[in-house]
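Down below is the structure, laid out as structure tokens.
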Amino acid sequence: MKVLAAMSGGVDSAVAAARAVDAGHDVTGIHLALSRNPQSYRSGARGCCTIEDSNDARRAADVIGIPFYVWDLSDRFHQDVVEDFMDEYAAGRTPNPCLRCNEKIKFAAVLERALGLGFDAVATGHYARLRTGPDGLIEMHRAVDHGKDQSYVLGVLDQHQLRHSLFPLGDTTKDAVRAEAAERGLLVADKPDSHDICFVADGDNAGWLREKLPERIGSDRARQLAGEIVDDTTGEVLGRHDGTYAFTIGQRRGLRIGRPAPDGKPRFVLDIEPVSGTVRVGPRERLRVQRLSGIRPRWCGSVPRRLEGTVQLRAHGAEHRAVVTAADDAVDIELLEPAYGIAPGQAAVVYDGTRVVGSATIATTA
Amino acid sequence: MSTVYLDHAATTPMRPAAIEAMAAHLADVGNPSSLHASGRHARRVVEESRETIARAMNCRPVEVVFTSGGTDADNLAVKGIYWSRRAQDARRTRVISTTVEHHAVLDPLHWLGEHEGAEVELVPVDDRARLDVEALRAAVERDPESVALVTVMWANNEVGTLQPIEEVVAIAAAHGIPVHTDAVQAVGAVPVDFAASGVDALTLTGHKLGGPYGVGALIVRREVEVTPLAHGGGQERDIRSGTLDTPGIAALAVAVELSVKEQPAHAERVGALRDDLVRRVIEQVPDAHLHGAPLDSEELRRLPGNAHIGFPDCEGDSLLMLLDARGIECSTGSACSAGVPQPSHVLLAMGCDEEQARHSLRFTLGHTSTAADVDALVREIGPVVERARGTKAS
């Protein structure tokens, strides 16, 4: 097959590309330039996530012995991922931009362009496994290394996307990937994993949003996101904050409430009201969720009308047994084990054993 | 798969005679600034090279200042002349240039604007990338006393359009304003005569004319004062410091001499190949179009080896990748260090929108190009364009 290997400059995608070559594919490496670089005075200039990442990817391609190019998808990324991220926070929700990027950029814009240029598949360094099921459909399963499993952020992929994807690392542990990278002479073998959102440089989401939101939604609207922190039980105003986007449902740290609750128990964010700017806090038991409704469902294969399986409600989160009922454009999830602190905007990914069934964006919880 | 190299404007292969000259001096010891016999021998090589270049370019040997290449020479001219002219008269803070210069000129200009109080005025160009002479005249004549420098490239590196240097010099010289020209694409491709042109400073570089990388020259009239950028031994007229690169300089001289001598024949041969390339590519892709000066124009001329072609509804970088996979090497514009394709500032200045700027390829022919190279491109371009169409990451 002609395979396009998306190379971030990290160790995983480098080894994935090398394995695609070993598997006999005709591989071309690309690095996606996703972030705009407003610092540069050359108008229209764009950087990569960093120039070093781009260079690391290029050097890995050299070592593997494949052609390498940089594709500029910064406009698409900005529209489909960054602006969505800002809008979701402004609406009081907690988005997951990595899922969005997989759905809209890596396995959409990049995949479609690759297919158009004559490639058969896109290979990435995600930890997930693909196999052909008894019905001939491609199934996606959790990776062997459960600690690194990334099937959650791939839960948005449909059958067409899965059919043209390769995840060569799904059967390997991260440690083994690093060892293999060293053995192959890839200089990124020891490069630390990335954790934060790629376009928020220092992991400070609230600081980034404080700076960028006024331009996106208008400074008046941005100011309205400031407001009171209210005790949901007593109605007492406990303090003020300068933007609802600094909070997520279930958050405990960083509330900066001067005094403890009368019962001495910690308080958590229960609700975010972006119109009034009010953030409601209260005890943990009030975060208990039994039922979720999801919108924008995406199914990997056939649509399950009713399924008893499990759901994962945040990246690296626990699995909850659940009964999932799908309608055309909505999903109802009844949790058989309660969950706590579930934030609208996050994805609910549905599993049947290790198999990913599909996903939906959490709209409401009860 | 043999490589079809159509990117000579990025860099062109070294001439065998230049390789020979370079190799001959690589094993020699001797710093040209040393006083002993080995030093004198090296100095002799450097000075003979300087004289060779002076003969080829029609300047005096003392006017040849060796540099590490085009960017070094451009920075030296732009910043160095600005500083010395402003030091002579504090009113001189304006620098006039064009919107289509190479970044080696544009970026030092912007830097002067941001850090040295320079007022940078970029004169617009027309849809063929030729500068608007009347706009340049108006800019100069608005307040000639305040102009430190005029810098206009001899030939554009992307679309190949030759600029009216003679008219630029006439406008500036009337007010005693020095003119610098970046001629890295022009030397060896079109006639370039330093003294006759009337420019005060001219940039050339080795690797664009069959010489080595990392060596070039700023030819600068001895009457022009240039404040140095880097301070040190002052080896080159106290304008530029650094131990002289004897093998590189020897090879540069051979390449300049040969390329200037062969220029008329080269221009005719390569120009004919280029015309053939443009006509036959457009035969294969009827809505493709040539950017820059038309092939048959008498008054507006372009570099003989340059064909810059727009392919509507294609991403230039998709085309480049597909051609590369077939062994055909070209460019989407000037190469970018980060490898991130950006819409060309030259095409935008010519009035193209971002979409048009992104669907272009630059094919540049050089001294090793053959009719077989053109045949190979003509064979592949049709299917490649068809493939690239409709795959845009819009």
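Think of each Lys and Arg Cβ as +1 and each Asp and Glu Cβ as -1; about the Cα centre, that makes the dipole of the stretch A:139-275 roughly 240 debye. In terms of surrounding Cβ atoms within a 10 Å radius of their Cβ, A:Glu228, A:Glu236, B:Glu63, A:Glu88 rank from fewest to most as A:Glu236, A:Glu228, A:Glu88, B:Glu63. For B:Gly216, the amide hydrogen comes within under 5 Å of the amide hydrogens of B:Thr67, B:Ser68, B:Gly69, B:Gly206, counting only partners 5 or more places away or on other chains and with H modelled in the peptide plane.
Between the beta carbons of B:Glu51 and B:Ser146, assuming R0 = 35 Å, the FRET efficiency works out to 0.35 to the nearest 0.05. Under the criterion of Cα pairs below 8 Å and six or more residues apart, the relative contact order for chain B equals 23 percent. For A:Val356, nonlocal amide neighbours, meaning residues 5 or more places apart or on other chains whose placed amide H falls under 5 Å from its own, are A:Met140, A:His141, A:Arg142. Comparing mean-square fluctuations of B:Ala230, B:Ala118, B:Ala255 from a GNM of chain B with C-alpha springs under 10 Å, the top value falls on B:Ala230. Place a point 7 Å from the Cα of A:Ala330 along the Cα-to-Cβ direction; which residues of the stretch A:270-300 have their backbone N under 15 Å from it? Counting backbone N atoms under 15 Å from the label point, the list is A:291-297.
In the stretch A:187-295, which trypsin sites (Lys or Arg not before Pro) are in a loop and have at most 11 other Cβ atoms within 10 Å, using DSSP for the loop call? Answer by residue number: A:Arg253, A:Arg256. Size estimate for the stretch A:289-365 follows the Kirkwood approach: the inverse of mean 1/r over distinct Cα pairs works out to 11.8 Å. Placing unit charges on the Cβ atoms of the charged side chains and taking the dipole of the protein assembly as shown about its Cα centre, the candidate lying farthest along the positive direction among A:Gly155, A:Gly24, B:Leu348 is A:Gly155.
Stretched out straight at 0.36 nm per residue, the stretch from A:Ser219 to A:Ala206 would grow longer than its current Cα-Cα span by 3.1 nm. Each DSSP beta bridge with both residues in chain B is either parallel or antiparallel, and the antiparallel ones are about 55%.
Of all DSSP bridge pairs formed entirely within the protein assembly as shown, close to 65 percent run antiparallel.
Most simply put, chain A has about 70% antiparallel DSSP beta bridges, counting only bridges with both residues inside it. Taking 14 Å as the cut-off, the amide N atoms of the stretch B:238-255 that come nearer than this to a point 7 Å along the Cα-to-beta-carbon line of B:Val62 belong to B:238-239. Rounded to the nearest Hz, the phi-derived 3J(HN,Hα) couplings of the stretch A:94-105 under the Karplus curve 6.51 cos²θ - 1.76 cosθ + 1.60 (θ = phi - 60°) are 10, x, 10, x, 5, 4, 4, 5, 5, 5, 9, 10, where x marks glycine and proline. The charge dipole of the stretch A:289-365, taken about the Cα centre with unit charges on the Cβ atoms of Lys, Arg (+1) and Asp, Glu (-1), comes to about 120 debye, rounded to the nearest 20. D by Stokes-Einstein for chain B, Kirkwood Rh over Cα pairs, 20 °C, 1.002 mPa s: 99 µm²/s. Put a dot 7 Å past the Cα of A:His316, heading toward its Cβ, do the same for B:Ser241, and the two dots end up 5.2 nm apart. Comparing chain A with the 2.2 N^0.38 Å rule of thumb, its C-alpha radius of gyration ratio is 1.05 (two decimals). For the stretch A:214-285 versus the stretch B:172-224, the spacing of their alpha-carbon centroids is 66 Å. Kindly state, to the nearest 0.05, the FRET efficiency for A:Val303 paired with A:Arg252, given R0 = 41 Å and r defined as their beta-carbon distance. The formula returns an efficiency of 0.65 here.
Checking the Cα-Cα distances for A:Lys148/A:Lys212; A:Lys106/A:Lys174; A:Lys104/A:Lys212; B:Lys79/B:Lys208 against a 27 Å cut-off, the pairs over it are A:Lys148/A:Lys212. Rounded to the nearest 20 debye, the dipole size of the stretch A:2-190 about its Cα centre is 200 debye, using +1 on the Cβ of Lys and Arg and -1 on the Cβ of Asp and Glu. Legend: calculated FRET efficiency, B:Glu283 to A:Gln159, from the Cβ-Cβ distance at R0 = 41 Å, rounded to 0.05, equals 0.45. Which stretch or stretches of the stretch B:289-331 have amide N atoms under 14 Å from the point lying 7 Å from A:Asp75's Cα along the Cα→Cβ direction? Those under the cut-off are B:313-318. In whole angstrom, the stretch B:80-183 maps to an equivalent ellipsoid with semi-axes of 21, 15, 11, each derived as √(5λ) from the alpha carbon gyration tensor and ordered largest first.
Across the protein assembly as shown, Cα-Cα distances exceeding 35 Å account for 57% of all pairs. Based on C-alpha pairs under 8 angstrom that are at least 6 apart in sequence, the stretch A:225-282 has a relative contact order of 42 percent. By the Stokes-Einstein formula, at 0.890 mPa s and 25 °C, the stretch A:2-190 with its Kirkwood radius over alpha-carbon pairs has D equal to 143 µm²/s.
By the combined test of axial Cα extent (at least 15 Å) and Kyte-Doolittle hydropathy (mean at least 0.5), the qualifying DSSP H helices of chain A come to A:11-22. Using C-alpha pairs below 8 Å separated by at least 6 residues, the relative contact order for chain A is 15 percent. The Rg/Rh ratio of the stretch A:225-282, with Rg taken over Cα atoms and Rh as the Kirkwood radius over Cα pairs, comes to 0.92.
The length gained by stretching the chain between B:Lys261 and B:Glu116 to full extension, at 0.36 nm per residue less their Cα-Cα distance, is 48.1 nm. Shape verdict for the stretch B:277-325, please, from the Cα gyration tensor: rounded (a/c under 1.5), prolate (a/b greater than b/c) or oblate. Here the stretch B:277-325 falls in the prolate category. Please state the shape class of the stretch B:208-345: rounded when a/c is under 1.5, otherwise prolate if a/b exceeds b/c and oblate if not, all from the C-alpha gyration tensor. Taking the square roots of the gyration eigenvalues as a ≥ b ≥ c, the stretch B:208-345 is prolate.
Throughout, read-outs are computed from the coordinates displayed, never taken from laboratory work. Model, not experiment: these values are computed from the prediction. With ideal geometry, Cβ positions are generated from the backbone for all residues, glycine too; neighbour counts draw on all protein chains shown.
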